[in-house]
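The values are calculated or read from the model by the stated rules, or taken from the named source; none is laboratory data. Computed from a predicted model, the values in this text were never measured in an experiment. Reconstructed Cβ throughout: ideal geometry from the backbone, glycine too, with neighbour counts over all protein chains shown.
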Amino acid sequence: MISTTRTARGREPRGAVTRAVLAAGAAVLALTVAACAPGSSAPPAPAQPASTVRTDAAALGPVTLTVWDQEVRGGQAAQIKQLNAAFEKKYPNITLNRVSRSFDDLNTTLRLALSGNQPPDVVQANNGRAQMGAFVKAGQLRPLDAYAEAYGWRKRYSPSVLQYVSYTPDGKIFGTGDLYGMPQVGEVVGILYNAAKLARLGLRPPTTWEEFDAALATAKAAGEVPLQLGNLDKWPAVHVFGTVQARYVSAPKITALGFGRKGASWTTPENLKAAEQLVDWVDKGYFAKGFNGQGYDAAWQAFGKGQGVFLIGGSWLVADLQKVMGKDLGFVRPPGTPPVATGGTGLPFAITAKSPHPDAAAAYIDFLTSAEAMKVLTANGLLPIADANRQDGVGAGAQQDMFAAFGAVTERNGLVPYLDYATPTFADTLGAALQDLLAEKVAPQEFLATLEKDYKTFAESNE
C-alpha cells in the first residue's frame with residue numbers, strides 16, 4: 001500500500017517538499033518553475049486526432065524513450081525488467097532509458113520534472129487530484145483517447161477501472177472525461193478470514209451479509225476476536241467503512257461521493273445506516289480492545305498469527321499473509337448482489353505533453369498493459385488490472401479467491417473508489433471522523449455532518 005493511507009497502492013502522500021534556495025540565481029529559477037507548476041492556469045494539452053496516431057512502432061525509426069517508474073520492490077521490479085527487455089527485443093529501434101525511483105522520491109521530483117523543457121516521455125503519475133489532476137490542469141499530460149481508440153484500451157479495461165484515470169481537461173472533475181494514463185495492477189478491498197478458525201466454529205466463508213453478521217456473533221460468543229483492526233493511523237477504518245457502506249449505498253452513489261461530485265451528499269439515510277453499523281460492531285465488542293490505538297501493521301500481523309477470525313483489508317496483504325498462514329488464509333469479496341467493493345489501481349503510466357515521441361510512448365504503454373503483460377504480472381505475484389479471473393497458474397486458495405473477487409467486481413462495474421479521493425483534505429477529515437465515531441465520541445449524525453461540511457465546501461467551489 002502507498003500514500004497517507006497505504007504504502008503499496010500508489011496514493012499520494014500529503015505535505016509539501018521543502019527545498020533550500022542557495023543563491024539568487026536559484027531563486028529566480030524557482031520562481032520561473034513555480035509559474036509553470038501544477039495548479040497554474042496553463043491551457044490543457046490538446047486532444048490528438050485518432051487519424052494521426054501511428055501504431056507501427058517498428059516504423060518510427062530510432063527512438064530513445066525516457067521512462068520514470070516506481071516499480072522497485074519485489075514482483076514489481078521483476079515484472080517491469082522482464083517486460084522492458086521483451087519490448088526492446090520486439091522493437092530494436094526503441095531504446096528505453098529507465099529511471100526507477102522509490103514512490104516517495106517519484107512524488108517529490110515529478111512536479112519539477114514536468115515543469116521543465118525536457119520532461120520524461122512516460123511517467124507513473126498518482127491518480128489523485130494532488131498529482132494527476134494537477135498535472136492535467138497544468139497541461140502537462142497528454143490525453144490518451146486517440147490511442148485508446150487505436151489500441152482498443154476501452155475494451156481492455158472496464159468502465160469502473162477507466163474512471164480512475166479520467167479527468168476533464170481542466171483537471172477539476174475526477175472520474176470522467178479524457179483518459180490520462182493506463183495502469184497495470186489492480187487493488188480490491190475484501191474480507192480476509194482464518195479458514196481454520198471458521199472450521200472450528202462450524203462456519204463457512206460468508207456469502208451474504210446475514211451470514212457475516214452471524215459469523216461475527218458466533219466468533220464473539222466463542223471468545224475469539226471477530227474483526228481484527230488497527231486504526232491508530234486513522235485510515236484503516238476508511239476501508240472498513242467503505243466495505244460496510246456498500247451494504248446500504250449503491251455503487252453509483254458511492255462513486256459520486258468518492259470522486260467529489262457536486263450534488264452527492266453524505267447526510268443520507270443509507271450512509272447513516274452504515275455509520276450505525278460500525279457503532280453497533282463496537283458496542284458488541286467485535287473489535288479487539290484498544291483497536292483505535294493499535295497500528296495497521298501490528299493488526300494485520302496479529303491476524304496472521306491467529307488473533308482474529310476476520311480482517312477487512314486489501315489485496316496487497318494477501319502475499320504476506322499467505323506466507324505465514326498458508327492454506328488457512330481465505331479472501332472473499334464483500335457480500336452483495338451485484339458485487340461492489342472498494343478498490344483502485346496502481347500508479348498509471350502516462351505520456352507527458354512535451355514528449356517528442358508520443359507514438360512510441362503509447363506503444364510502450366500498450367505493451368505493458370497487454371494480455372501477455374497480465375500473464376507476466378500474475379507470474380510475479382501481482383494482481384493484473386485486466387483478465388484477473390482468467391489467469392492460469394494462480395495459486396489455489398486466497399490468491400485465487402482474490403483474483404476471482406477482483407474479476408467479478410470489475411466485470412460488473414462494481415469497483416468503487418477509495419473515499420479519501422473525494423477532496424484534497426478528505427483523507428484527514430474522514431480518518432479523524434471515523435476514529436471519533438469508533439471511539440463513540442460523536443454520534444453517527446455528527447460524524448456525517450463533519451464529512452458533509454468538508455465535502456460540500458470543496459464540491460461547490462470546484463466549478
Residue pairs meeting the criteria (Cβ under 8 Å; at least 6 apart or on separate chains; first in a strand (DSSP E or B), in the stretch 168-184; second buried (at least 18 other Cβ atoms within 10 Å of the Cβ) and basic (Lys, Arg))
Phe174/Arg129
Could you pull out the residue among Ala125, Ala195, Ala134 that is in contact (Cβ under 8 Å) with a residue 24 or more places away in the chain, small (Gly, Ala, Ser) and over 15 Å from Tyr421 (Cβ atoms)?
Ala195
Restricting to the stretch 293-311, name every residue that is within 19 Å of Ala199 (Cα to Cα) and crowded, with 21+ Cβ neighbours inside 10 Å.
Phe303, Gly304, Gly308, Val309, Phe310, Leu311
Please determine whether any residue of the stretch 48-58 is among the hydrophobic types (A, V, I, L, M, F, W, C), modelled with pLDDT of 50 or more, touching a helix residue (DSSP H, G or I) at 6+ places or on another chain (Cβ under 7 Å) and not in a helix (DSSP H, G or I).
yes
Among the residues of the stretch 87-122, which ones are touching a helix residue (DSSP H, G or I) at 6+ places or on another chain (Cβ under 6 Å) and β-branched (Val, Ile, Thr)?
Ile94, Val122
Would you point out which residue out of Leu437, Leu382, Leu368, Leu377 is surrounded by 20 or more Cβ atoms within 10 Å (Cβ to Cβ) and assigned by TED's automatic domain parsing to the domain that holds Ser315?
Leu437
Within the stretch 453-462, is there a residue that is of a type outside the set (Gly, Ala, Ser) and either assigned to a loop (DSSP other than H, G, I, E, B) or farther than 25 Å from Lys172 by Cβ (or both)?
yes
Single unsatisfied condition, Leu257 versus (1) surrounded by fewer than 22 Cβ atoms within 10 Å (Cβ to Cβ); (2) assigned by TED's automatic domain parsing to the domain that holds Trp300; (3) in contact (Cβ under 8 Å) with a residue 60 or more places away in the chain
(1)
In the stretch 359-410, what residues are under 25 Å from Tyr180 (Cβ atoms) and outside any helix (DSSP H, G or I)?
Thr369, Ser370, Leu382, Leu383, Pro384, Ile385, Ala386, Asp387
Checklist (1) surrounded by fewer than 19 Cβ atoms within 10 Å (Cβ to Cβ); (2) of a type outside the set (Phe, Trp, Tyr); (3) over 25 Å from Gly343 (Cα atoms) applied to Asp121, failing item:
(1)
Residues (buried (at least 24 other Cβ atoms within 10 Å of the Cβ) and in a loop (DSSP other than H, G, I, E, B)) located in the stretch 415-432
Pro417, Tyr418, Ala422
